[in-house]
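One structure is given here, and the rest of the page talks about it.
What follows draws every value from the coordinates through simple rules; no lab data is involved. Just so it is clear, the structure is predicted and the values come from calculations on it, not from any experiment. For neighbour counting, all protein chains shown are included, and Cβ atoms are generated from backbone atoms with ideal geometry for every residue, glycine included.
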Protein chains: 2
Amino acid sequence: MTTVAYLGPPGTFNDAALQRLRTDARTAPLFGGAHTDAVPAVTPDEALAMVRAGTVDYACVPFENSVDGTINPTSDTLAVGSRLQIFAETELDVVFSILVRPGTTAEDVKVLRTHPVAAAQVRRWVGENLPNARIETTSSTAAGAQEVAGGSADATAAPARAGEINGLVPLAENVADVGGARTRFVLVGRPAPPTPRTGRDRTCVIFGLPHQPNSLVQALTELSIRDIDLTRIGSRPTRVERFTYLFHVDLVGHIDDPVVAEALVALRHRTEDLRYLGSWPVADGEEAGSPPPDHADEKAWLEGLRRGDDV
Amino acid sequence: MTTVAYLGPPGTFNDAALQRLRTDARTAPLFGGAHTDAVPAVTPDEALAMVRAGTVDYACVPFENSVDGTINPTSDTLAVGSRLQIFAETELDVVFSILVRPGTTAEDVKVLRTHPVAAAQVRRWVGENLPNARIETTSSTAAGAQEVAGGSADATAAPARAGEINGLVPLAENVADVGGARTRFVLVGRPAPPTPRTGRDRTCVIFGLPHQPNSLVQALTELSIRDIDLTRIGSRPTRVERFTYLFHVDLVGHIDDPVVAEALVALRHRTEDLRYLGSWPVADGEEAGSPPPDHADEKAWLEGLRRGDDV
């Protein structure tokens, strides 16, 4: 049996993301095919701590949102402590139902309580449509739904399924201040061989930089001179020294792409405390970026020259 | 009279930052010396909208925190809409008092309500010291103090002064999960000539990038080949196209440093929609980074060559 921590309770976007990873033909093998035990956690931190402690095999946690950016509690936790590794990703469209107890009107809503990321994405709609509402935050969208059912809040912004589970009705559906928002979720485990190269893969690293001018450009040039595409870069405070940063970089390719392997070695020399967070297939439907150049025959060519072959 | 919007109500860190900018000999001249009218706002967005609308002269808003990173609501609002400009910065140590109504014990605290950034910085302390507390968020630390005074929350994490203003007493003082945290606040107005170059200045730009591999490295190389130090880089979703980014870059130097001016022109050609957010003096006591090289006599040298001087 495979055990997976996720941001519960049942009915969260994270719950839906985990279902998709379990059923998608490309990622299902990671779960061993047998029964999966989904263990609710309250924060990405808690879910990842369960993986580190060995009480679960994986954590499924939000990684990035197309409107609100990198999910800092996830990336900050991945950046320090024992190394964890990402094995898969999936993406979900983010649209919210505004859920209330039956009989509640728009004017009745004094407190709308939901997850902070959800709050950021319905703020304008709430301002325009719920004249008496203040927005409060809680640990998850489904927790917000439970709190509405329990009467401590009047409304939540959550997936429709959280309403079905908690006996709430939608005051509005498909609400999102910015259309087309998606959240990328990742499946995180303890270090292990990455899933095989597919040709449409992503590799993630985190690193610090020496106190030298231009050290960031020097590091990133190790990617650019090898024609390796960079799809995300973020900086987060180290929390050790004031206004110093750890850089989080997603690049296109797999550790088994020879140029990517070469770039990882070069990056390790240019940076401090380089941490490899894994290589995994890009989610279906998502643009992968330009694939890394294929220098796989380079070694044979070099060996030929060493043998004295006339190549 | 100068009018300045800030995150109120009175007693917030933002209030303290504004007092410091008004009284510091280096930044006081921006306020014209006469009476300053401080106008409380609820979010950075609202404060900056008042500047854009012309109802205030400046907004004083949080820009970056050494533990939690860039303040996204500020930088996202600066990135779009009519151009705004930063004229000054100041930094404050961030330590919290846990404020309660007189007679409240640690066990009595069911709800601690404070600003989200404050919440992130006292979470561990609350977990260890307030056994029955859940953390909720509100618009400001001082609003949290008002809500405690009003009875809708039991405790807040706020500056000590917010307790004095609202008749609360400290359950604990100097609370911070990570020691040495600081927040940088900036003074933002409508476009105008920047304050004069001091030799210890910061310049901020925001830009998008063309869809080409390595466009980020090419852009940053315009700084590195000119020996211009980069002190902060962040990426934020454009919110227009999924998983595309705007880059926020702070560099060392002033638009009146010739190499910085040259780099801004070069960056403009390498990037899309480059937005200049100003050049201003680095806060006292803060490390400025390596100053840009002084190529001020370059123009005279070039003109000499054009005249046919034997130089």
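A few comments on the model shown:
- Estimated from the Cβ-Cβ distance and a Förster radius of 41 angstrom, the FRET efficiency linking residue A:212 and residue B:190 is about 0.65.
- Degrees between helix A:141-150 axis and first principal axis of chain A (Cα, 0 to 90, nearest 10): 20
- Remark: relative contact order (chain B) = 19 percent; criterion is Cα-Cα distance under 8 angstrom and separation of 6 or more residues.
- With the cut-off at under 17 Å, measuring from each backbone N in the range A:118-135 to a point 7 Å along the Cα-to-Cβ line of residue B:111 picks out A:132-135.
- Residue A:93 versus residue B:268: modelled label distance in nm, points set 7 Å from Cα along the beta carbon direction: 4.2
- Relative contact order (%) - the range B:200-248, alpha-carbon pairs under 8 angstrom, separation at least six: 42
- Near residue A:53: Cβ cut-off under 14 Å, other residues only, Lys/Arg at +1 and Asp/Glu at -1. The net charge is -1.
- In percent, rounded to a whole number, the relative contact order of the range A:193-305 is 40, using alpha-carbon pairs under 8 Å and six or more apart.
- Inter-copy label distances for residue B:52: 4.1 nm (label point placed 7 Å from Cα along Cα→Cβ; shortest first).
- Across the copies of the chain, residue A:134 has label points (7 Å from Cα along Cα→Cβ) spaced 1.6 nm apart, shortest distance listed first.
- The range A:1-73: trypsin sites (Lys or Arg not before Pro) in DSSP loop, at most 16 other beta carbons within 10 Å: A:26
- Computed E for residue B:173/residue A:309 - FRET, C-beta separation, R0 56 angstrom, nearest 0.05: 0.15
- Residues whose amide H comes within less than 5 Å of that of residue B:201, counting only those at least five positions distant or on another chain, are B:253, B:282 (H built at 1.01 Å from N in the peptide plane).
- Label-to-label distance for residue B:164 and residue B:82 is 3.8 nm, based on points extended 7 Å past Cα in the beta-carbon direction.
- With helices as the sole contributors, the protein assembly as shown gives -9000 deg cm²/dmol at 222 nm; each DSSP H run of n ≥ 4 counts as -39500 (n - 2.57), and the sum is divided by every residue.
- Label-point spacing for residue A:268 across the identical copies (point 7 Å from Cα in the Cβ direction), in nm and ascending order: 4.4.
- Of all DSSP beta bridges confined to the range B:96-175, the antiparallel ones make up roughly 60%.
- Counting Cβ atoms of other protein chains within 10 Å of each Cβ in B:129-136 and taking the mean gives 1.
- Stretch gain in nm, segment residue B:244-residue B:53, where the contour uses 0.36 nm per residue and the Cα spacing is subtracted: 65.9 nm
- Whether the protein assembly as shown is rounded, prolate or oblate, judged on the alpha carbon gyration tensor where a/c under 1.5 counts as rounded: oblate
- Principal-axis analysis of the Cα atoms of chain B puts helix B:258-270 at an angle of about 90° to the longest axis.
- Extension gain (nm, one decimal) between residue A:45 and residue A:284, 0.36 nm per residue minus Cα-Cα: 83.4 nm
- With at most 15 other Cβ atoms within 10 Å, longest stretch of chain B clear of loop GluC sites (Glu not before Pro) (DSSP): B:1-240
- Taking the C-alpha atoms only, the angle from helix A:44-53 to the longest principal axis of chain A is near 50 degrees.
- Average partner coverage of B:222-234, which counts Cβ from other chains inside 10 Å: 4
- Gain in span if fully extended, residue B:225 to residue B:25, counting 0.36 nm per residue against the direct Cα distance: 68.4 nm
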